[in-house]
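The structure under discussion appears below in the form of structure tokens.
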Amino acid sequence: MGTYAAVVLAGGAARRMGGLDKPALPVGGRPMRDRVLAAVSDATPRVLVGAADAVPAGVRVVREDPPGGGPVAAAAAGLALLDPDVSVVALLAADLPLLTRAAIGDLLKHLEPETPDTEPAGGRSAPAPPDRGGSALAPPDRGGSALAPPDRSGSAPAPPARVGLDGEREPDGACFVDGDGRRQSLCGVWRVAALRAAVHRLTVERGGSLSGAPVRALLAGLVVREVAWSGEGPPPWFDCDTDEDVRRAEEWAR
């Protein structure tokens, strides 16, 4: 598919882990945040949303408004730092220590236009249903303003729908699903225009605040291609919400 950008969300409160800086916890000797950034080392640009003392060279850092405002506010802040010509972005939680470049490549392939003789394997497209899982949960809405900073490309109405050769609407994004069919929405790749339009819509619907907005509300109405992981190794969507999750990821990373 060519070039793509990456926005890594690292602003969660890790309440189930005592409020630790979860993305900074090591797995296999490296912070989870750095492992995610390494999986998208070929993305341009790479944006980290959240507090960070040190990041790899070239990574742009921004904070969601307000800090701790949840994954949608963080996604909006990250999208606002993308250059106007970026068309595809990987939107990722920072607690995915098993994510690989091969997994990202698999997702990107599912956004490529279909041809009469090919159809992406292992995926199906559908409008986004209520999110039954995911890598991050939005915190309770504390009423603060989380309006994203001005987008370099400006707010815009929903982009024209992309229609494939079969007359069906092409996907706005692709994300992994786990063994139970739950979408891992923060382990996916998305068309930037569709996400920006969704951010604008949701900001208007919520009276200017994205604080506490759930990911399912952001993705409502988007056509999502669901991708089952068929590669070797552990599932790339595995996220670490508890100490036990971190221990399990350590075993996989050996």
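Numbers for the structure displayed
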| item | result |
| --- | --- |
| Separation between Cα centres of the stretch 22-48 and the stretch 197-239, rounded to whole Å | 20 |
| Carbon and sulfur %, accessible surface of the stretch 22-103 computed with the full protein complex present, 1.4 Å | 54 |
| Å² of accessible area per residue within the stretch 183-254, as computed with a 1.4 Å probe and no ligands counted | 40 |
| Average Cα contact separation per residue, the stretch 34-97, under 8 Å, 6 or more apart, as relative contact order % | 32 |
| Under 5 Å, built H, 5+ apart or other chain: amide partners of residue 184 | 176, 177, 178 |
| ³J(HN,Hα), Karplus 6.51/-1.76/1.60, whole Hz, each residue of the stretch 204-218, x for Gly, Pro | 5, 4, 9, x, x, 10, 9, 4, x, 5, x, 4, 4, 6, 5 |
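The values are calculated or read from the model by the stated rules, or taken from the named source; none is laboratory data. A quick note: this is a predicted structure, and the numbers were derived from the prediction, not measured. The accessibility values were calculated without ligands, DNA or RNA, using every heavy atom of the protein model including side chains. Shrake-Rupley method; radii C 1.70, N 1.55, O 1.52, S 1.80 Å.
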